[in-house]
Every structure is written in structure tokens, then in C-alpha cells.
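The values are calculated or read from the model by the stated rules, or taken from the named source; none is laboratory data. Only a predicted model underlies this, so the values are computations on that prediction, with no experimental measurement involved. No Cβ is skipped: glycine too gets one built from the backbone with ideal geometry, and neighbour counts run over all protein chains shown. Protein only, heavy atoms only, side chains kept; ligands, DNA and RNA dropped before computing areas. Shrake-Rupley method; radii C 1.70, N 1.55, O 1.52, S 1.80 Å.
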Amino acid sequence: MSEPAGNQSPVQMDLIAIENRHSSGAYAKRPVVMVKGQGASLWDAEGHRYIDCMSGLGVANVGHNHPHLVAAVSTQLERLMVCGEAFYNDQRALFLKELTALTPGDLNRVFLCNSGAEAIESAIKVARFLTGRSEIVAFKRGYHGRTMGALSLTWNPRYRAPFHPLLPGMIHVPFNNIEELERAMTGRTAAVVLELIQGEGGIWLADPDFLRQVRQLCDQRQVLLVVDEVQTGLGRTGKIFAIEHYGVQPDIMCLGKALGGGIPIGAVIWRDKFGPLSPGSHGSTFGGNPIACAAGLAVLQILAAERLPERAARLGRIFMDQLRSVKLPIIREVRGMGLMVGVDLRLPVDRVIKALMNERILATYGGKTVLRLLPPLVIPEVELSQVVAAITQVLTDISREIGHAT
Ligand SMILES: Cc1ncc(COP(=O)(O)O)c(C=O)c1O
């Protein structure tokens, strides 16, 4: 998503030019230089404040630069930065204990890594290792990352097309359709991988009956059920993990994004009953490093101390009620859970995102037509109302321009 450069200062222009000259080109960037964050606010290099409804794509659940997180990371920076899993570490042990106390049922075995995609890569390996089978069934509109294994499970043909051949035996079926899933399973199926709310795909919620049937089917076929909670995890949907809304026990769970509050971390967690991996079967130099573990521990403490999942549930209800009360024909549907919200529109969402940016509100897209809103869970209630007012104004203006009755 790239907007025309507005009225940036020469300093911003210079910095933008440097990045444009040297960065990969893999990202379409917005022409603004962010330099500071606090809570649900970001500031650019000219001191303009933005209300953040992106959270770095679901990372800043506890808010930008939460003082407890900053203190925990700073303290750890001074004590020990480098310590891989060849050794034990105090922060890692404490973090693993707290994390597994929160995961449902016997999800107690954790491989720590550095991102959501790496968690998915690891889950593919764990599933193959535990079952001795190779195929995985994933879902249309699903998103699991961009590395080669994760990309093989990501559905969007636009992301996949230039990179074939991808992993063999990765099959996509329609979401919330148990018959199609059953048809796609074979004697070689190791796992079914799904998001409980498809985020990138446009905020599509898993149907509770479908999920129960998936669990039954997996049990019958001895196939592992993998939930990708990289985006839904850590309080976002109104519970620590979205799977808690469904009352279904997954075999493997993938985490990333908000788990480190901004420090890169990923985790794949599986059930005790499957036992540990064997030494040497997997590895990652930075996995389980003490900085990320200290950050993860602090994030879990903040989520509990500030009751952020409960806050997300309460604010999410208010936010979605307000959004649903906006009666404009270009709004197809408002859907979501907690503070993971999508406004599905009858037009491409790009121009809405640009117009909101001009109002200093940061939002992103989910699919082509969905405005995806992922504010930090600490966002003040009044700011959510400001966001609704701005969305209403922007959509009203666009409706007028395109001649849609309002
Ligand atoms: C559901 C889901 N899984 C996996 C990923 C990949 O995470 P990362 O970009 O940290 O590798 C994402 C990223 O958006 C995601 O939303």
C-alpha cells in the first residue's frame, strides 16, 4: 500500500530516499518515517501523532513500549544477550513455565524460534516427525507466512506464483467445509493447519461446529490438528488464545507476533503425549535467546496484570457495535472477535486506508476489500470512537464520490 508522498520535511524525504534506494523492494511502504511509539500511539519524524490500529500487524498487543516490557528487556540486555539452547537459561525456564501454564490442556512441549513463519516451518517438521507422514491440508484464504514451507501452506496464489515448486503434498480446501476436508485427507496426511480467524485473508472466523468436526476427523484418522495462533494469540480475540473460544484441544499451536511484544520470537507448542523431539532433529541459533524470553515473560505478565484479554473482549464488543451502527451501502459486513476486526466493503480497501492515514489513523487490509483493524489492546475507548467517526466520514465521502446512496 503506498500513498503519494505528502508534505514531508526534507529530513523525512532523505530517510525515505535512503530506504527506497537500499531496501529489498519486497514491501510497499507508506511515505512516513515512524520514530516513536507509546501505548496505541505512533509519532512520525515531524512529531505528528497517529492512532495505531495495526499494532505492527498484530505485534503490539500490550501497547508500544510498555514500561514493564522495556524494563525487562533493558535489564536482560545488561545481564546476558547470547545464550542458545545448548545451555539452560533462567529467563527461558521461567518463560516456558508461564507460557505452558496458559496453553490449553497438555500443550507443554515448546520449540522456540524467531518469527511466525519459522513457527509454521517448525510445525511442519514436528508434524512430519511425530507422524512419519508428509502431507498437510490447509485452507483457502489461509495465511501462514512467506518462507518456503510456510508459503506452501499460505493460499494466496499471488504470493505463491513466482516461487514454485513449493513443498509437495500441501493441499488447500475451502474453509469451514468438513466434506471437502475429509475428501482431501489421505493415508499420508500428517496434519490439518488452520487459523481460527483468517486474518490476512479478510477476518473470516472458523465455525465452532466445523472445528469440532475437524477435531473428530483428526482423531479418527490420527492426523494432527495444528492451530496457527500467530495473529489471533496473546489476548487479541478476548482470550489469551482464540482456541479457548472453541473448547477444542489442538495437538500443535503456533505463536509469534505479540508473544515478544516487539522483540522477534516464535513458538511451536505440542502435546505432552507426543513426547519430545530427538536431539539434532531441529534447531535455530537465536531460538530461546534470553532477550526474547525475557520479553515474552514480560508480555505474559502484562497481559495478566492488566487483564488485557478481558479488555479486548469488552472493547471489541463496543467497537464492533459502533461500526455496525454505521449504515452505509458500501459496508458489506463487520466481523471479528475481540480487537481483531474487519470491515468488509463493496470496493477495494486501498483508498480507505489512504484516506484514514490522512486522518492519522493507521489501519491495514485483509484480502482486497476488508479494512483490518488490530489496535493495541490498551487503546483508550475514546480513541476507538474516534476511529469509528473517522471511518464513517471517510466511507461517507467515498460513497458520495462514487455515487453510492448514503
Ligand atoms: C496467521 C499467521 N501465521 C503466520 C504468519 C507469519 O508470521 P511472520 O510474518 O512473523 O513470519 C502470519 C503473519 O502475518 C500470520 O498472520
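Mind listing whichever residues of segment 124-156 are closer than 22 Å to residue 186 by Cα, of a type in the set (Gly, Ala, Ser) and within 10 Å of the ligand (Cβ to nearest atom)?
Within segment 124-156, 142, 150 qualify.
If you go through segment 282-293 one residue at a time, do you hit one that is assigned by TED's automatic domain parsing to the domain that holds residue 387 and of a type in the set (Val, Ile, Thr)?
Within segment 282-293, not a single residue is assigned by TED's automatic domain parsing to the domain that holds residue 387 and of a type in the set (Val, Ile, Thr).
Give the residues of segment 365-392 that are more than 12 Å from residue 352 (Cβ to Cβ), among the aliphatic types (A, V, I, L, M) and touching a residue at least 40 places away in the same chain (Cβ under 8 Å), sorted by residue number.
Matches in segment 365-392: 374, 377, 378, 379, 384, 387, 388.
Could you please give the count of residues in segment 352-393 that are of a type in the set (Val, Ile, Thr), over 26 Å from residue 205 (Cα atoms) and open to solvent by less than 40 Å² (accessible area, probe 1.4 Å)?
Total meeting the criteria: 0.
Pairs, please: C-beta under 8 Å, at least 6 apart or cross-chain, first residue assigned to a loop (DSSP other than H, G, I, E, B) and in segment 148-167, second open to solvent by less than 60 Å² (accessible area, probe 1.4 Å) and of a type in the set (Lys, Arg)?
Listed pairs, sorted by first residue: 154/160; 166/160.
Identify all residues within segment 310-349 that are in contact with a Ser or Thr (Cβ under 9 Å, 6 or more places away or on another chain), open to solvent by 10 Å² or more (accessible area, probe 1.4 Å) and in a helix (DSSP H, G or I); write none if there are none.
Result: 313, 318, 322.
Would you please list the contacts, defined by Cβ atoms under 7 Å and residues six or more apart or on different chains, that run from a residue in segment 79-102 that is at positive phi to a residue that is open to solvent by less than 100 Å² (accessible area, probe 1.4 Å)?
Final answer for the pair search is none.
How about segment 49-70: which of its residues are aliphatic (A, V, I, L, M), more than 16 Å from the ligand (Cβ to nearest atom) and within 17 Å of residue 264 (Cα to Cα)? Before you say what the answer is, go through the steps one by one.
Of the residues in segment 49-70, the ones aliphatic (A, V, I, L, M) are 51, 54, 57, 59-60, 62, 69-70.
Among the residues that remain, those that are also more than 16 Å from the ligand (Cβ to nearest atom) are: 51, 62, 69-70.
Answer for segment 49-70, where residues must be aliphatic (A, V, I, L, M), more than 16 Å from the ligand (Cβ to nearest atom) and within 17 Å of residue 264 (Cα to Cα): 62, 69, 70.
Restricting to segment 109-123, count the residues that are of a type in the set (Val, Ile, Thr) and open to solvent by 10 Å² or more (accessible area, probe 1.4 Å). Steps first, please.
Step one: list which residues in segment 109-123 are of a type in the set (Val, Ile, Thr), which gives 110, 120.
Okay, now just the ones that are also open to solvent by 10 Å² or more (accessible area, probe 1.4 Å), so 110.
Looking only at that region, the number is 1.
Evaluate segment 78-90: report whether one residue or more is over 19 Å from residue 306 (Cβ atoms), at pLDDT 95 or above and touching a Cys at 6+ places or on another chain (Cβ under 7 Å). Show your work before the answer.
Just the residues of segment 78-90 that are over 19 Å from residue 306 (Cβ atoms), to begin with: 78-90.
From the residues that got through so far, the ones that are at pLDDT 95 or above too are 78-90.
Checking which are touching a Cys at 6+ places or on another chain (Cβ under 7 Å) leaves us with 89.
For segment 78-90, residues over 19 Å from residue 306 (Cβ atoms), at pLDDT 95 or above and touching a Cys at 6+ places or on another chain (Cβ under 7 Å): present.
Could you tell me which of the residues 98, 118 is more than 15 Å from the ligand (Cβ to nearest atom) and acidic (Asp, Glu)?
98
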